[in-house]
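First up is the structure itself, then whatever we jot down about it.
All of the numbers you see were taken from the coordinates with simple rules; none came from a lab. Quantities reported herein were computed from a predicted structural model and do not represent experimental measurements. Cβ coordinates were reconstructed from backbone atoms using ideal geometry, including for glycine residues, and neighbour counts include every protein chain displayed.
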Amino acid sequence: MFFDALLVLSFGGPEGPEQVRPFLENVTRGRNVPPERLDRVAEHYLHFGGVSPINAINRALITELRAELDLPVYFGNRNWEPYVEDAVTTMRDNGIRRAAVFTTSAWSGYSSCTQYVEDIARARRVTGPDAPELVKLRTYFDHPLFVEMFADAIAAAARTVPADARLVFTAHSVPVAADQRCGPHLYSRQVGYAARLVAAAAGYADHDLVWQSRSGPPQVPWLQPDVADHLSTLATAGTKAVIVCPIGFVADHIEVVWDLDNELRSQAEAAGMAFARAATPNADRRFARLAVGLIDELRHGYQPVRASGPDPVPGCLASIDGAPCRPPHCAAPESG
């Protein structure tokens, strides 16, 4: 398959205090989120001057991609500037005919895959009949470089805490119904499988998997246990040190730098626990190489490169122009 560009498609984030509330309104539009909830979340961003780390990280990743790739690289977001619609319009104006799309999410599921497919379809509608063909690359939660980056990050974190530190993996929680929407527990199964691969690569025979950053009414069941509740359980059991690996995040979202580096670290310190947070891939050159490898699988017809482990979990393959992924995990109807 021929490509003449790459589009990095991400979530987006504010880059100044005046942008925080409009950004949050974009994220939550149509979900009837109470204003007081937005006010609380806005404080997390304002703690960092109203700047999310994510756009700067993505620009640094794009610099690495340009060093690794023989194609022009464009950048678009779902929820803030540069918007994906503007990026695709610029690509059309520059004569791009077919672009690979690398999303900053490793997983299947609605918010982690299907919404990006919808972003692609919307951007092409806005751009019009001359929009370039957009091929969303496959999910990569089981790619060897994904596993390697997190395993190395755990090793680095382990050097800062006692040798008996408990390894805890965390990912963004979703409603239990949403975890069923795109296949039976597909998202949580992928996260669990990736955690097992990374733990084994890092030399850990045992680990915990927890969830974080839930929102919404308390009567709606979400994936659990919550990371803060689990930390309390570990402290009560006498655990003296913990390594937290945010495997669900490929970069330092606000949920990493606030929820983990601020709130969870403070909780651990209050409980007398040594705390280390493993790094996310961010703009690691290996992350750029991972993206290039996914492109080459399609350009040259290579077999998908996957880390091997017991009980592998399926993932979505490529999606073209906003069509459902193949296999259609992310288009599966919500089960009862």
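Take the residues of segment 230-257 that are of a type in the set (D, E, K, R) and in a loop (DSSP other than H, G, I, E, B): which is farthest from the chain's Cα centre (by Cα)?
The qualifying residue farthest from the chain's Cα centre (by Cα) is Lys240.
If I ask for residues that are of a type in the set (Val, Ile, Thr) and within 14 Å of Gly13 (Cβ to Cβ), which ones from segment 29-63 would you list?
Matches in segment 29-63: Val41, Val51, Ile54, Ile57.
If Gly109 satisfies all but one of (1) touching a residue at least 12 places away in the same chain (Cβ under 8 Å); (2) touching a strand residue (DSSP E or B) at 6+ places or on another chain (Cβ under 7 Å); (3) of a type outside the set (A, V, I, L, M), what's the number of the condition it fails?
Only one criterion is unmet by Gly109, namely (2).
Could you list, in sequence order, all residues of segment 125-163 that are part of a loop (DSSP other than H, G, I, E, B) and among the aromatic types (Phe, Trp, Tyr)?
Tyr140, Phe141
With respect to the numbered conditions (1) in contact with a Lys or Arg (Cβ under 8 Å, 6 or more places away or on another chain); (2) surrounded by fewer than 17 Cβ atoms within 10 Å (Cβ to Cβ); (3) under 30 Å from Ala56 (Cα atoms), which one is the sole condition not fulfilled by Val256?
Single failed check for Val256: (2).
Take the residues of segment 178-223 that are among the β-branched types (Val, Ile, Thr) and assigned to a helix (DSSP H, G or I): which is nearest to Pro312 (Cα to Cα)?
Only one residue fits best here, namely Val191.
Please tell me if Gly315 is in a loop (DSSP other than H, G, I, E, B), among the small types (Gly, Ala, Ser), surrounded by 15 or more Cβ atoms within 10 Å (Cβ to Cβ) and touching a Lys or Arg at 6+ places or on another chain (Cβ under 8 Å).
yes
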